[in-house]
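The values are calculated or read from the model by the stated rules, or taken from the named source; none is laboratory data. The model shown is predicted, which means the values in this text are computed figures rather than measured ones. Virtual Cβ from ideal backbone geometry, glycine too; neighbours counted across all protein chains shown. Side chains included, ligands, DNA and RNA excluded: accessible areas come from the protein's heavy atoms. Shrake-Rupley method; radii C 1.70, N 1.55, O 1.52, S 1.80 Å.
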Amino acid sequence: SQTIHQWPATLVQPVGSPLSLECTVEGTSNPNLYWYRQAAGRGLQLLFYSVGIGQISSEVPQNLSASRPQDRQFILSSKKLLLSDSGFYLCAGDLGGVRYEQYFGPGTRLTVT
Amino acid sequence: GESVGLHLPTLSVQEGDNSIINCAYSNSASDYFIWYKQESGKGPQFIIDIRSNMDKRQGQRVTVLLNKTVKHLSLQIAATQPGDSAVYFCAVGGSGGGNKLTFGTGTQLKVEL
């Protein structure tokens, strides 16, 4: 089975500071990987997805970027955080091919102050 | 594209009763449907899925029903327990967006003792 690891669990950062959230995958190779943001009481907004190393697709224009330096590593970054970047960030992966089910990590609660 | 909506933001049921959570989708080409459970502060957890070539699928205490004619999906939970209290999301995929899923906004299920 596939396990998604994320860290840190919570993060408080000042406006204008950089951000790096890391996600790693265990138990599968060549997964599709996804970064979502979830505002309080709302659904999941897809930010980025990746079908392989170095391949990143952005779903919405924003202050964030993503990278995939290794097959099982997916990183979400920002050079300068905004207050509006606060939220619950979730990394997910699927098995690729015709398997659609995504498995989620525990999430990172980011508060920008 | 695809849009997904849930009929009720909140559903309250008595312990032991059956729960029904509904979801509507817009794209008739959608092929894959998933229900997730999200407990407070955690990542969504896969519950059950169904493909468009089926109209019913059962798991342990859960049943998913798919009505492609009216583009409607439902999750039935039998003998609802306090541990079922969570936010439930439907997710839809396979409408030409690769493996990406479109999530509904979620229904908060509250189980009353």
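Data table
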read-out	value
Environment charge of B:Tyr25, counting only residues whose C-beta is closer than 9 Å and scoring Lys/Arg +1, Asp/Glu -1	0
P(r) weight above 24 Å for chain B, C-alpha pairs, percent	19
Theoretical gain in end-to-end length, B:Lys71 to B:Ser52 [0.36 nm per residue, Cα-Cα removed]	5.8 nm
10 Å Cβ neighbours from other chains, averaged over peptide A:28-41	2
Under 12 Å, Cβ to Cβ, from B:Ile48 - net charge with Lys/Arg +1 and Asp/Glu -1	+3
3J(HN,Hα) from dihedral phi, the range A:56-69, Karplus parametrisation 6.51/-1.76/1.60, rounded to Hz, x for glycine, proline	10, 10, 9, 8, 9, x, 6, 8, 10, 9, 9, 9, 9, x
Considering only chain A, percent of DSSP beta bridges that pair antiparallel, nearest 5	90
Surface share of carbon and sulfur [accessible, 1.4 angstrom probe, percent] for the range A:13-63	47
Modelled FRET efficiency - R0 41 Å, A:Lys80 with B:Ser12, Cβ distances, 0.05 increments	0.40
Within-13-Å neighbourhood charge of B:Leu66 [Cβ basis; K, R +1; D, E -1]	+2
Percent carbon-and-sulfur accessible area, the range B:4-112, ignoring ligands, DNA and RNA, probe 1.4 Å	45
Taking the convex hull of Cα positions in the protein assembly as shown, its mean projected area over all directions (nm²)	12.2
Summed buried accessible area for A+B [probe radius 1.4 Å, Å², rounded to 100]	1600
